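Contents: one structure, followed by commentary.
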Amino acid sequence: RPEDYVGDTNILVPTSLLIYDFAQDILVISFLVITAPPALFTYCKLLFSASFTKNYTCKIIAVNGVIELFNCATYIIAIQLASYPFMSTFYKFVQSRNITTPLCAINIFLRGLSLYTALIVALDRLR
C-alpha cells in the first residue's frame, strides 16, 4: 500500500524499516554512551597500570577494545546517521569540505586494525 511507504518518488522506504532503523540506532548509541566511559577507564588501567607492564596480552586486548569503540563511533557517524534529516547540514558540510574520503578511510582503517588486533589476541592465546 502506498501509505505504508515514505519518501519521494525515486526512493520508497517502508515505514516499518524506518522504525526498525531508528530503534536500532537509538539502542546502539545508548549502549555506546553507557559502556564507553567504564570501558575506557578499564582500558587505561590495563595499559598504564604497573601490575600489567609485562602482560602484553592484556595490553593488546585493551588496544583492541579502544579500536572497537572508535570503530563503532565512526560507523555511527559515517554511515548510520546519514539517513536522518537532522544530520543533513553536517553531511553537506562534510561534502563541501571534501572530508568524506578521509572519514570513510578512517572507518575502513579502524575495521582492519580491529580485525588484526583480534587476530593477534587469538594467536597469543594459542601459545
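The values are calculated or read from the model by the stated rules, or taken from the named source; none is laboratory data. Worth saying up front: this structure is predicted, and the values here are computed from it rather than measured. In case anyone asks, the SASA skips ligands and DNA or RNA and just uses the protein heavy atoms, side chains included. Shrake-Rupley method; radii C 1.70, N 1.55, O 1.52, S 1.80 Å.
Pull out a ≥ b ≥ c, the square roots of the eigenvalues of the alpha-carbon gyration tensor of the stretch 62-107, then state rounded if a/c is under 1.5, prolate if not and a/b is larger than b/c, and oblate in the remaining case.
Oblate, because a/c is 1.5 or more while a/b does not exceed b/c.
Using Cα-Cα distances under 8 Å and only pairs 6 or more residues apart, what relative contact order does the stretch 17-127 have, in percent?
30 percent
Could you work out which residue, out of ILE67, ILE108, ILE34, moves most in a Gaussian network model of the chain, that is, has the largest mean-square fluctuation with Cα springs under 10 Å?
ILE34
From the C-alpha coordinates alone, can you work out the Kirkwood hydrodynamic radius of the chain, in Å?
Values: mean 1/r = 0.0574 Å⁻¹.
About 17.4 Å, per the Kirkwood formula over Cα pairs.
Given the options ALA23, ALA36, ALA73, which has the most mean-square fluctuation in a GNM of the chain, springs set between C-alpha atoms less than 10 angstrom apart?
Result: ALA23 has the largest fluctuation of those listed.
Under 10 Å, Cα contacts only: if you run a Gaussian network model on the chain, which one of LEU69, LEU113, LEU17 comes out with the highest mean-square fluctuation?
In the Gaussian network model the winner is LEU17.
Hey, any idea what % of the stretch 14-127's accessible area is carbon plus sulfur with a 1.4 Å probe?
About 75 percent, which is the carbon plus sulfur part of the accessible surface.
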